[in-house]
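Comments concern the structure below.
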Amino acid sequence: MARADAARSRAAILRAAAELVADRSGELRLSAVARAAGVGQGTLYRHFPTQEDLLRALYTGEIDELVAEATTLVAAHPPPEALRRWFDRLAAYARVKLGVVAAVEDSVWTDLHAQTPGKLGAALTTLLTAGSADESLRADVDPRDVVLLSWFLAHVEDAEWDERVPRLLDVLVAGLRA
């Protein structure tokens, strides 16, 4: 039972941290995360001794979910639709990532960022290979091309996000169609 409680506490902490980071109304305070998660500070510190540990877990979890989603989407949808849905998830992740970037020190961010291209490349390989196989997506585009094209997500202002990002993702997917 203790492990199940610990797992629930950890998940609640990560959910609360994700919401607070996405809010980006200021500095992420561990006391606010504990309060939002409904756990004591001691519980939070047992799972995440530092803010950087919490943000690292949040960032890594988001990336891992994003990568796993590629396979699920390809199995459930035609490749262009799977790619578009994956881009929607990427955009949601990018919004959280911007909050993480603002909250962590440069050395921690450099370490986290180093993991990302390989993981995103694996997800994009899954999506692009499916589209190339059924000839619905261009075969001359590789995962790095798509990562470079999607970097606009890091530069969209929060106030224009909801209006601009869906349109730009539509343009990106249209450009990847065969």
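For the chain, with all protein chains in place and a probe radius of 1.4 Å, 53% of the accessible heavy-atom surface sits on carbon or sulfur. Dipole magnitude for the stretch 1-82: computed about the Cα centre from +1 point charges on Lys and Arg Cβ and -1 point charges on Asp and Glu Cβ, it is near 460 debye. Near Pro79: Cβ cut-off under 13 Å, other residues only, Lys/Arg at +1 and Asp/Glu at -1. The net charge is +1. Considering only the other residues whose Cβ falls under 13 Å of the Cβ of Val39, what net charge follows from Lys and Arg at +1 and Asp and Glu at -1? That sum, taken over residues with Cβ under 13 Å, equals +4. Convex hull volume of the Cα atoms of the chain, normalised per residue: 122 Å³. The residues Arg85, Arg8, Arg46, Arg3, sorted by heavy-atom accessible surface at 1.4 Å with ligands and nucleic acids left out, run Arg3, Arg46, Arg8, Arg85 from largest to smallest.
Surface exposure of the stretch 125-175, expressed per residue as accessible area with a 1.4 Å probe, stands at 60 Å².
Relative to the longest principal axis of the Cα atoms of the chain, helix 161-176 runs at roughly 40 degrees. Evaluated with a Cβ-only charge set (Lys, Arg +1; Asp, Glu -1), the chain carries a dipole of roughly 560 debye about its Cα centre, given to the nearest 20. In the chain, the longest principal axis of the Cα atoms and the axis of helix 106-133 are about 40 degrees apart.
Within the assembled protein chains, the solvent-accessible surface assigned to Ser132 is about 50 Å², based on a 1.4 Å probe. Computed from Cα positions, the angle between helix 79-103 and the longest principal axis of the chain comes to roughly 40 degrees.
The values are calculated or read from the model by the stated rules, or taken from the named source; none is laboratory data. Computed from a prediction, not measured in an experiment: that's the story for all the values here. Every residue, glycine among them, receives a Cβ derived from its backbone with ideal geometry; neighbour counts consider all protein chains shown. When the accessible area is computed, the model is the full protein with side chains, heavy atoms only, and any ligands, DNA or RNA have been set aside. Shrake-Rupley method; radii C 1.70, N 1.55, O 1.52, S 1.80 Å.
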